[in-house]
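Nothing in this text is a laboratory measurement; each read-out follows from the coordinates by a stated rule. These numbers were taken from a predicted model, which means no experiment stands behind them. FYI the Cβ positions are ideal-geometry reconstructions off the backbone, even for glycines, and counts take in every protein chain you see.
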Amino acid sequence: MEVKITRGNGEVTAQLIGRLDTPASLEIAPQMNALADEADGTIILDCTQLAYISSSGLRIFITLRKAAAAKGGKVIVRGISNEIRSVFMMTGFLNLFEIQ
Amino acid sequence: MKKLRNLKALLLVFVAAVALEATALVQFYFSQNGLREEAKLRAEGQLEATRYEIMDIIDQAEAAVRNSVWIAQWCLDYPDSLQRVCQRIVADNPVVAGSTIALVPGYIKNRPLFSPYVCRDGDGSLKVLSLATEQYDYPSQEWFARPLELGEGYWSEPYVDEGGGEMLMTTYSLPIRDSKGVQAAVITADISLEWLKELMGRMNVYPNAYCTVGSREGHVMVSPPEKQDPKTLVFNTMVDRTGWTISLVIPESDIFGVLRRVGSIVGILQLLGLLIIILMLQSFVRGERRYRELDKQRERISGELQIATGIQMSMVPKTFPPFPERHDLDMAATIVPAKEVGGDLYDFFIRDEKLFFCVGDVSGKGIPAALVMAVTRTTFRNLSAHEDSPGRIVRAMNDSLSAMNESNMFVTFFCGVLDLANGQLRYCNAGHNPPMSLTDSIRPLPVVPNLPLGIMGGFEFQEQEMPFRYDDAIFLYTDGLTEAENSAHEQFGEARMDDALHGRKSAQGHLENIKKRVADFVGDAPQSDDLTILFIHYVPSSRRLVLSNSIDQVSLLPAFVEDAVKASKLEPETADSLNLALEEAVVNVINYAYPEGTVGEVIIDAATTETALTFTITDSGKPFDPTAREEVDINASVEERPVGGLGIHLVRRIMDDVRYERRGEKNVLILTKKY
């Protein structure tokens, strides 16, 4: 699992590459949770190369979403696969995130 | 038995000999009789002809005398004219050599003895002598006295004429009576018997036959030759009036000579033939015996080889499918020995849910290789009965085989142990050609070559391992497959084998396909090496994954789930979501059933049925029922939503049925996904 974080135009983009299973979530959690500090702006989660996500991965997503809600920023989820989309649907995440 | 056969053969020859000789003897006997009969006919014919010839001369002489009797009677009164009568007899009859008319003494008073004798001189002219001499004293001569005594004609005994040329003579005499009936004189005709000799000499019916002629009194007139055969046949005939006996003597050798010569030649030829038959029979019997012994020997060896093949074949599992009650293994195997018995082997068996299997190739061929094969197989069975590690099995086999390897034979060997519960394959290769692994691709299994068994005791064999997944297969073989040669001495080779392994088939299907391809390739060329194939196809309907209670372990789930899905009737795409459900369930167990610091296992069993795929997650942690957790409200606002609780929610959403049980000291969570 790899995370690439880039910044520009007042936006933070986290590119998630690989499988976000429980061990991977634990691994990237500190890095991702740190992004909450920038939740007043726009956080883009680029899922174009994300193959899999478990509930611990979803937990990272919603943590950022809650931070954005508190700070008036927004979280955009970009490029989810059909598989991940169905997970989002099952968990009601489609309603929580702006999906691009 | 041998003697009896000899006796029979001898008896056969003996009977044949007796029959042959008896036939020859009978033939000989009849031929001899025939020849004797013929000789008799010929001799009698000739004797008869000769007798007629003699009688002719006798008759001529008698007639000459008889015809002159009347004139002699007439001349009695003129004795001097009697001489002329004699002259007429001699002159007119060439057979007559001499003639006389001798007066009975005293018939004429002044002439007490009177006998003029006329005979042929040396030059053929006639000469006249008188027999009326005192020394001769004709009245006492037989030719004179006997006819007078008998009163009729008489042929004298043969005698040698002293006066007239030293010839053998005989005389016919006839008394002459005068007109008063008184015996007055004797008239005679001499005939020489020299012609008789000549006549007898002409009787040459057989080359060594001869004639003798005997007189009435037994004097020999024609004598036999000096040299006489001891065995003769004699035929006689008698000449009338003279009383002579003519004997024709034929030596048996003349009559039967040819027959006896032919007979002995035939006899010798027959004996020679019999001898040849005996020799041939003897050599035939000897050859036959030798052939039978060889045949018996060959039969015995071939029988023993068949038994050996039977024993060898009984050592390898031959019943397929070998484990009909199991559905997780599809196996096929074969050994095709190049000679009756071979040095290849394969073996397999299941112990403690582990499949132990091996393939080996003993150096060399025939019975020695088969013996080593038997030892190898026995050693494998003995060691693997208690040992699970293929590396340690191979090490111990190598030490055992090296220790007793006096014939310097070695065995290339591959040993594998497949854990049927989790698909873990551990293997150890001892110098054998790498098996082919049929997973996503078809390629040789990565192997450390190590060393063949039996070369160096104490060698540290390296064991390797590889996870075996659903539908994976391993194809083990001996070099008899890749080195199978056709008549052009080309080898079947790895490329052809590789090609033959493509395509989805049952194990038996793969085996038949490879065998057929090899057979088609090899054609009529003789098989040069044993060919062994062992095909193991792993298709578990249920599998087990055992995890320790560490979050890292969830990375082992995707492969496990993928295999479980493959074995089921689910679409492959469902694997991801099932994996998610399973991961959530397992993470729950690790997080809640096993509190921080405790050690435990999470066992996952995947089972396919006709209608569903079921995962059963078992742990020995503290009681924990994930289904008891409150449902999360997915429609709540961002602010109201809790961060956690999504895991069990996902499990519920993905699976069709989620059931928790506390079984004894264990938590059991059963997840079912219907097709």
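A few remarks follow.
- Every helix of 4 or more DSSP H residues in the protein assembly as shown counts as -39500 (n - 2.57), and over all residues that averages to -13500 deg cm²/dmol at 222 nm.
- Axis of helix B:2-75 versus longest Cα principal axis of chain B: the two differ by about 20°, to the nearest ten degrees.
- Taking the C-alpha atoms only, the angle from helix B:82-92 to the longest principal axis of chain B is near 30 degrees.
- Calculated diffusion of segment B:316-538, Stokes-Einstein form, Kirkwood radius summed over Cα pairs, 4 °C and 1.567 mPa s, µm²/s: 74 µm²/s
- Segment A:39-61-segment B:207-225 distance, computed between alpha-carbon centres (Å): 164 Å
- From least to most packed, judged by other beta carbons within 10 angstrom and beginning with the fewest, B:Ser441, A:Ser55 follow the order B:Ser441, A:Ser55.
- Two-site FRET efficiency, B:Val18 against B:Ile350, from Cβ-Cβ distance with R₀ of 60 Å, rounded to 0.05: 0.15
- 0 to 90° range, to nearest 10: angle between helix B:574-588 axis and chain B longest Cα axis: 60 degrees
- All-pairs alpha carbon distance profile, chain B, 20 Å steps from 0, percent: 13, 21, 13, 8, 7, 8, 10, 10, 6, 3, 0, 0
- Among the trypsin sites (Lys or Arg not before Pro) found in segment B:429-504, those both in a DSSP coil and sparsely packed, with 16 or fewer other Cβ atoms within 10 Å of their Cβ, are B:Arg504.
- For segment B:232-237, 3J(HN,Hα) per residue [Karplus equation, 6.51 cos²θ - 1.76 cosθ + 1.60, θ = phi - 60°, Hz, x = Gly/Pro]: 9, 10, 10, 10, 10, 8
- One quarter of the surface of the convex hull around the alpha-carbon atoms of segment B:464-601 equals 11.2 nm², the direction-averaged projected area.
- Taking trypsin sites (Lys or Arg not before Pro) across segment B:60-128, the ones in a DSSP loop with at most 14 further Cβ atoms lying within 10 angstrom of their Cβ are B:Lys109.
- Under 30 Å from the Cα of B:Lys227 - lysines, other chains or at least 8 residues apart: B:Lys40, B:Lys197
- Counting only Cα atoms, segment B:403-514 measures 46, 44, 20 Å along its principal axes, largest extent leading.
- Intensity falloff of segment B:87-215 expressed as log10 I(q)/I(0), Debye formula with alpha-carbon point scatterers, at q = 0.09, 0.12, 0.19, 0.21 Å⁻¹: -0.30, -0.51, -1.09, -1.26
- For the pair segment B:524-559 and segment B:353-375, the centres of their Cα atoms are 23 angstrom apart.
- Nonlocal amide H pairs with B:Gly98, under 5 Å, H built at 1.01 Å: B:Asp190
- The tail of the calculated P(r) for segment B:175-293 beyond 22 Å holds 63 percent of all Cα-Cα pairs.
- Computed from the alpha carbon atoms alone, the convex hull of the protein assembly as shown holds 325 Å³ per residue.
- Inter-centroid distance (Cα atoms) of segment B:401-457 relative to segment B:61-107, Å: 149 Å
- Given A:Lys66/B:Lys673; B:Lys318/B:Lys365; B:Lys318/B:Lys516; B:Lys365/B:Lys515; B:Lys318/B:Lys515, the pairs whose alpha carbons are separated by over 23 Å: A:Lys66/B:Lys673
- A convex hull fitted around the alpha carbon atoms of segment A:2-99 yields 81 Å³ per residue.
- Calculated P(r) tail over 26 Å for segment B:542-674, as whole % of Cα pairs: 21 percent
- P(r) tail fraction, segment B:131-199 - alpha-carbon pairs more than 13 Å apart, %: 67 percent
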